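A short write-up of the structure that comes next.
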Amino acid sequence: MDFYLTALLQGLCFSALALGIFISMKIFNIPDITTDGSYTLGAVVTAVMIKHQQPVYVVLPAVILAGGLAGALTGIIHTKLKINALLAGILVMTGLYSVNLTIMGTSNIPLNSFPSLFTLWHISEDPNQNTFWIVAVFVIAIILIIGYLLKTDFGIAMRATGNSESMIRALGVNTDRMKITGLALANALTAVSGYLICQNQGFTDISMGIGIVIIGLGSVIIAETLINWLRITSVWLSLLLVLGGSVIFQMVLAITLDIGVDANLLKLVTAGFVLIIVSLPRLNFKGR
Amino acid sequence: MIEIKNIHKIFNSGQPNQVNAVNGINLNIKSEEFLVIVGANGSGKTTLLDLVAGSVSPTSGTISIDNEDITKLQDYRRSKWIARVFQNPMSGTASDLSIIDNFRLAAIRTKPKGLSIGINDTFKNQIKEKISTLGLGLENKIEQQMGTLSGGQRQALTLLMSVMDSCKVLLLDEPTAALDPRSAEVVMRTADELIKDYRLTSILITHNLKDAYKYGNRVILMGEGQVVKDLDAGKKKALKQNDLFDWFG
């Protein structure tokens, strides 16, 4: 059972990343893969600052800022230099690898001996359960903030930017600035996932972000499938489903490991699983 | 109100596919004037409208509104004066957003989009009331997504959205081109009423010569990026519908 609790914790920690992908991919319609870099950046900033005895509540704004900067950079390259969003993301992600390595100074920082967000409060005797309550509150706070944001006038303008650019420009919105802000927000959330995960697993590794974007994509696609299936238009429910998608994704991976699939094959299983979710709604079993 | 001085727009300058879309147009559009532009495809009508809206910037020449030079102003900054209805109903509204969300954005077209929630019951009732004036029965569907509506309904709502916030200039780029005759008539009639009620200065591009005859108080014919004919209110009144057809004969 502990095994599944760990998966649940992972799912909750990754939900910030999933929300980030949801914002860039679904709200802004921009395929952003800065994710691999900004996720690691979040973890790297967290590790280095914790190692230097910074309290976790000081670390968090720094992580948000770092992720935001990375996203804004992708946004600027995409909008101002008119470079394809995918390429812009790849460029920033690639550059971030060196930046991350430079900040860390080494390829791995263990954090087990330092206080973390999950040792800040003692709600339960069991460390995993303690982590669960803290991360649950944390994630719900994020959803409340993002949900509120999307309901505001600014949020409606954000949603319209990805939907009908000609319209929103005619309504007085600088779409370039809006996209830069959106990508900054998305990558700030991604970095927050790095912040959560590295404290949860107790170390930061330079390669922890490789291929991580698929986790976000998979979670969002699970959520999207459910959103379309249940015909949901509510912003709040959509965000909750993204959270759900993230948890489901980790659960599927946990089940895969539990039934004895070789851990080396996990990325292949991940890719296959995402393929199945993407193609399921497109398959028509009843024939034409 | 709108002053266009010797404006040129050249696309792909210096290349084999160079297009001189607009060739030195001078136009002075008075306040509350309803200008109708007709002309064959490729005569530069839409480019001229894009130049006024700011989605295309001129190669040379100046444009001013209310004596303020707006030539260098980006399109989203011109929204202070200008509202726009596009040819494609999809372009003027956001399909995935609800009607009320679309109207909220339109209601704050000239204002900053801030971090407060603007959609409350008062706002909803206000919008319902406005929408009911269209007589399309959409006032009880304000939570519905824009994408579920027909092209005609969307164009009519786009028109209404343009007068939600202070608006001086209304640009209509073939607003009925994608609509069936009945919806087209509803949209044109709505446009005409709004233009009169809100005393807007407006420019309509149309291929429908009946509309060109019926609406507006000034009509110009464009050809090869220039104004070929220009009839003011007096001359337009004297104009017969067949004369218009002869322009294209």
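The values are calculated or read from the model by the stated rules, or taken from the named source; none is laboratory data. The model shown is predicted, which means the values in this text are computed figures rather than measured ones. Quick reminder, even Gly has a Cβ in these numbers, built from the backbone with ideal geometry, and neighbours come from all protein chains shown.
State which residue is farthest from the other protein chains (Cβ to nearest Cβ) when the search covers only the stretch B:118-132 and only residues that are touching a residue at least 12 places away in the same chain (Cβ under 8 Å) and either under 23 Å from residue A:148 (Cβ atoms) or of a type outside the set (D, E, K, R) (or both).
Only one residue fits best here, namely B:131.
Residue by residue, here is whether (1) modelled with pLDDT of 90 or more; (2) in contact with a Cys (Cβ under 9 Å, 6 or more places away or on another chain); (3) in a loop (DSSP other than H, G, I, E, B); (4) polar (S, T, N, Q) holds:
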residue: B:139; (1), (2), (3), (4): yes, no, yes, no
residue: B:154; (1), (2), (3), (4): yes, no, no, no
residue: B:159; (1), (2), (3), (4): yes, no, no, no
residue: B:171; (1), (2), (3), (4): yes, no, no, no
residue: B:178; (1), (2), (3), (4): no, no, yes, no
Filter the stretch B:99-117 for residues that are touching a helix residue (DSSP H, G or I) at 6+ places or on another chain (Cβ under 7 Å) and of a type in the set (S, T, N, Q); which is nearest to the other protein chains (Cβ to nearest Cβ)?
B:116
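When you look at residue B:77, is it among the charged types (D, E, K, R) and more than 7 Å from every other protein chain (Cβ to nearest Cβ), yes or no?
Judged against the criteria, residue B:77 is a match.
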Among residues of the stretch B:40-62, those that are within 16 Å of residue B:220 (Cβ to Cβ) and in contact with a Lys or Arg (Cβ under 9 Å, 6 or more places away or on another chain), counted
6
Find the residue count for the stretch B:47-74, including only residues that are within 14 Å of another protein chain (Cβ to nearest Cβ), touching a residue at least 24 places away in the same chain (Cβ under 8 Å) and surrounded by fewer than 20 Cβ atoms within 10 Å (Cβ to Cβ).
1
Where residues in the stretch A:112-142 are crowded, with 19+ Cβ neighbours inside 10 Å and touching a Ser or Thr at 6+ places or on another chain (Cβ under 7 Å), which of them is modelled with the lowest pLDDT?
A:118
May I ask you to say which residue of B:204, B:170, B:209, B:221 is of a type in the set (A, V, I, L, M), surrounded by fewer than 20 Cβ atoms within 10 Å (Cβ to Cβ) and within 30 Å of residue B:19 (Cα to Cα)?
B:209
Does residue A:147 satisfy the criteria of being in a helix (DSSP H, G or I), more than 9 Å from every other protein chain (Cβ to nearest Cβ) and among the small types (Gly, Ala, Ser)?
yes
Given the conditions (1) buried (at least 22 other Cβ atoms within 10 Å of the Cβ); (2) not in a strand (DSSP E or B), and given that residue B:37 satisfies all but one, which numbered condition is not satisfied?
(2)
